[in-house]
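Have a look at the structure below, then the notes.
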Amino acid sequence: MPKPSSRISGITPSGKDGWEVHFAAMNRKEAGEDIIMLSVGDHDFDTPAETVEACVTAVRAGYHHYTQLPGIPRLRAAMAKLSTQCTGVPTTADEVIATPGGQLALFAAAQAALDPGDHAIVVAPYYATYPPTFRAAGAEFTIVETRAEDGFQPRAEDIAAALQPRTKAILINTPNNPTGAVYSRKSLEGIAEICRKHDLWLFSDEVYWTLGGGEHVSPRSLPGMAERTLVINSMSKSHGMTGWRIGWLTAPKELVSLLISLNLVTTYGLTDFVSRAAVEAMENAYGVKEIAERYTARRAVFLDAVRGLNNVTVRGSEGGMYVMLDISAIEPDCESFAWAFLNAEKVAVMPGVSFGDAAAGHIRISLCQPEEILLEAAARLKRFATTYS
Ligand code: PLP
């Protein structure tokens, strides 16, 4: 075969080998072992029945055709309404563009804001696709670690220290995957100030905004930020629709106009009947409250069960679908911990180091299991923590 482009060869997955624990656990579960999977970030329940019905109705009604490149008008209007709620900034339909999932919204943001050779700052711990998304845009990036002792809140001075002459963007994620940290207004104000001072874009991944533990603050609402903030959003987490691939980017309308051409050469518009179902789901908020309440209850139950554990400290864990536990007092190498925990107790968790050095010594627990399974996992963790040597 002729040589592939260096651009595509460069899009390698990031993170350290922690994913091996997850893949090994999946294989063992497939082979019949009774393993509790707390390593994945996908709901354990189906999409709300009303959304499924809306989709079936749309298929039967003949919605089988090409759609408008930025999304059908009713979908963009519904997305704009949700962006208004999520960011606190009145948003119009021409300030949103529909994408198949939040990941494509992030990809679009990187393509729209960065030239090859530009530099971006990624605040860590981070979602695994961030570095390869920048590589796909030909951009350089620097990882800026937050600190466990700060509950993984970003410090403006650490970010400022990473600025380079070609820095054009900062990427943050709140509520955060993997830490569950919900960035405070104060943390965000510090970042906003850097963006204004150095004329930077702020990529703000808010796909978990409905699953927050407290107030969700979007940096788009801060002074002077609406013109430079690109908000990544999605129905995957909020509406229980991971496999439907519906997301959107909220951006200044001039940038959205440019991005319509990107949809021309990539998605060519979203799936017709999925778009119709998504409108129904957004307008009626199908499942949103129930899903948020479910994760809040699970987080409370699990944290309650592990809080008294010797040598285990809860960090972040305020929102989203994950909790972060500092297990370094038991085993400083979190990968070794994850392997030993899987082998001894048949529970799969992600080593924190897979998401950046700041989370070394931690494990990420996914709340995508029913409460009774989370309680069983907590009991196994307790047994493991007291016997591990
Ligand atoms: N951003 C974060 C932080 C995520 O955790 C995920 C998925 O897990 C995504 C974006 C992408 O979500 P989707 O493409 O399903 O909308």
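The table for this structure:
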read-out: Sorted by Cβ neighbour density within 10 Å, fewest at the top, the residues PHE45, PHE302; value: PHE45, PHE302
read-out: Approximate spin-label separation GLU149-GLN164, in nm, with each point projected 7 Å along Cα-to-Cβ; value: 2.9
read-out: 13 Å reach of a label modelled at ALA77, 7 Å along Cα-to-Cβ, counting backbone N of the stretch 259-296; value: 279-280, 283
read-out: P(r) weight above 27 Å for the stretch 65-284, C-alpha pairs, percent; value: 26
read-out: Sum of side-chain charges, LYS81 neighbourhood, beta-carbon under 13 Å (Lys, Arg +1; Asp, Glu -1); value: 0
read-out: Efficiency of FRET from Cβ geometry, ALA329 and TYR66, R₀ 51 Å, rounded to 0.05; value: 0.35
read-out: Reach of LYS346 by Cα under 17 Å, taken over lysines that are not fewer than 8 positions away in the same chain; value: LYS29, LYS382
read-out: Antiparallel DSSP beta bridges within the stretch 65-284, percent to nearest 5; value: 30
read-out: DSSP beta bridges in the chain [antiparallel fraction, %, rounded to 5]; value: 45
read-out: Pairs beyond 24 Å (Cα-Cα), from LYS186/LYS237; LYS81/LYS237; LYS81/LYS289; value: LYS186/LYS237
read-out: Under Karplus coefficients 6.51, -1.76 and 1.60, residue-wise ³J(HN,Hα) of the stretch 296-307 in Hz, glycine/proline x; value: 4, 5, 4, 4, 5, 5, 5, 5, 4, 6, 9, 4
read-out: Nearest 10 degrees, 0 to 90: helix 253-265 Cα axis against the chain principal axis; value: 80
read-out: Acute angle (nearest 10 degrees) that the helix 102-113 long axis makes with the longest principal axis of the chain, alpha-carbon atoms; value: 60
read-out: Chain lengthening between LEU264 and ALA49 when straightened (0.36 nm per residue, less Cα-Cα); value: 74.2 nm
read-out: For PHE23, PHE134, PHE203, order by how many other beta-carbon atoms lie within 10 Å, fewest first; value: PHE23, PHE134, PHE203
read-out: Magnitude of the charge dipole, the stretch 65-284, Cβ model with Lys/Arg +1 and Asp/Glu -1, debye to 20; value: 280
read-out: Under 11 Å, Cβ to Cβ, from LYS168 - net charge with Lys/Arg +1 and Asp/Glu -1; value: -2
read-out: Two-decimal ratio, the chain, of alpha-carbon radius of gyration to 2.2 N^0.38 Å; value: 0.98
read-out: Partners for LYS197 among lysines (Cα-Cα distance below 16 Å; same-chain residues under 8 apart left out); value: LYS168
read-out: Acute angle (nearest 10 degrees) that the helix 49-60 long axis makes with the longest principal axis of the chain, alpha-carbon atoms; value: 40
read-out: Selection from ALA128, ILE365, THR84 lying farthest towards where the dipole of the chain points positive, charges on Cβ; value: THR84
read-out: From phi via Karplus (6.51, -1.76, 1.60), per-residue ³J(HN,Hα) for the stretch 76-85 in Hz, x at Gly/Pro; value: 5, 5, 5, 5, 4, 5, 5, 5, 4, 5
read-out: Extended-chain gain in nm, criterion 0.36 nm per residue less alpha-carbon gap, GLU376 and ARG7; value: 128.3 nm
read-out: Proximal charge balance of ALA93 [Cβ under 10 Å; K/R count +1, D/E count -1]; value: +2
read-out: Relative exposure of SER257, SER218, SER204, judged by other C-beta atoms within 10 Å (fewest first); value: SER257, SER218, SER204
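No lab work stands behind these numbers, since they all come straight from the coordinates. All figures in this text were calculated on a predicted structure; none of them were measured in a lab. Cβ coordinates were reconstructed from backbone atoms using ideal geometry, including for glycine residues, and neighbour counts include every protein chain displayed.
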